[in-house]
1. Among the residues of the range 51-92, write down those that are without any contact (Cβ under 8 Å) to a residue 40 or more places away in the chain, part of a helix (DSSP H, G or I) and not hydrophobic (A, V, I, L, M, F, W, C).
2. Under the condition of being more than 17 Å from C21 (Cα to Cα) and in contact with a strand residue (DSSP E or B) (Cβ under 7 Å, 6 or more places away or on another chain), which residue from the range 87-102 is surrounded by the fewest Cβ atoms within 10 Å (Cβ to Cβ)?
3. Take L141 and tell me if it is of a type outside the set (F, W, Y), under 25 Å from D10 (Cα atoms) and free of Cβ contacts under 8 Å to residues at least 60 places away in the same chain.
4. Restricting to the range 8-28, name every residue that is in a loop (DSSP other than H, G, I, E, B) and either under 12 Å from the mean Cα position of the chain (by Cα) or surrounded by fewer than 16 Cβ atoms within 10 Å (Cβ to Cβ) (or both).
5. Identify the residue in the range 150-169 that is surrounded by 15 or more Cβ atoms within 10 Å (Cβ to Cβ), at pLDDT 70 or above and among the β-branched types (V, I, T) and, among all such residues, is farthest from T95 (Cα to Cα).
6. Among the residues of the range 31-50, what is the count of those that are surrounded by fewer than 17 Cβ atoms within 10 Å (Cβ to Cβ) and either among the acidic types (D, E) or assigned to a loop (DSSP other than H, G, I, E, B) (or both)?
7. In the range 103-146, which residues are exposed (fewer than 13 other Cβ atoms within 10 Å of the Cβ) and either among the charged types (D, E, K, R) or within 14 Å of the chain's Cα centre (by Cα) (or both)?
8. Please enumerate the residues belonging to the range 93-133 that are at pLDDT below 95 and part of a loop (DSSP other than H, G, I, E, B).
Amino acid sequence: MTILNTSLQDSAAPEGVCYGCGSSNPNGLHIKSFWHEDGVHVMAEHLPDPKFCGWPDLVYGGMIAMLADCHSSWTAMAYHYRAEHREPGTEPGITCVTGNLGIKFIKPTPMGISLTLRAKVVGDIGRKTRVICEVYAGEVLTAIGDSIFVRVNTEQLAANAHGRQTIPV
């Protein structure tokens with residue numbers, strides 16, 4: 001298994017439309033996640049636009065939650081691809097959705113500083129994967145995401161969401 005030079009998002013879902021991490025969303029943030037050279041962590045960098053200001057000179061907490069959510073979801077998906085000895089984007093595709101999103105705000109996150117997201121899988125049972133995501137402003141840990149992601153069949157998920165089907169995802 002090689003370390004990717006292409007982001008997980010661009011490798012596995014170049015047509016993705018998620019506001020936070022979708023490569024094809026023209027208005028989105030285009031978060032890009034990569035395996036770290038340690039082979040354990042998945043990393044991302046993001047500099048929030050000033051429009052995502054909460055309190056003066058601080059990043060809006062919802063933005064921090066979105067960054068941790070999207071990046072952690074990609075960490076879970078990358079983990080499943082790796083567990084199956086497959087490269088991201090190989091068929092059948094792997095999709096994980098948020099089952100539970102937890103964010104602990106440790107310190108205020110200042111605007112104007114690039115944020116580093118460092119995530120890893122800390123447990124998995126069946127279709128559920130627990131991911132811890134640390135958010136750093138420079139060298140300062142400002143938030144920790146502790147979330148559960150569920151592996152799903154996207155066609156069934158979409159059908160269920162629109163009331164077209166009652167098959168469990």
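The values are calculated or read from the model by the stated rules, or taken from the named source; none is laboratory data. Predicted model only: the values in this text are computed from it and were never measured. Ideal geometry is used to build each Cβ from the backbone, glycine not excepted, and the neighbour counts take in all protein chains shown.
1. Once the filter is applied, which keeps residues that are without any contact (Cβ under 8 Å) to a residue 40 or more places away in the chain, part of a helix (DSSP H, G or I) and not hydrophobic (A, V, I, L, M, F, W, C), the range 51-92 yields K51, G62.
2. This residue is N100.
3. Judged against the criteria, L141 is not a match.
4. Result: P14, E15, V17, C18, Y19, G20, C21, G22, S24, N25, P26, N27.
5. Among those residues, the one meeting the criterion is V150.
6. Matching residues across the range 31-50 total 8.
7. Within the range 103-146, K104, K107, E139 meet the criteria.
8. Scanning the range 93-133 gives G93, G126, R127.
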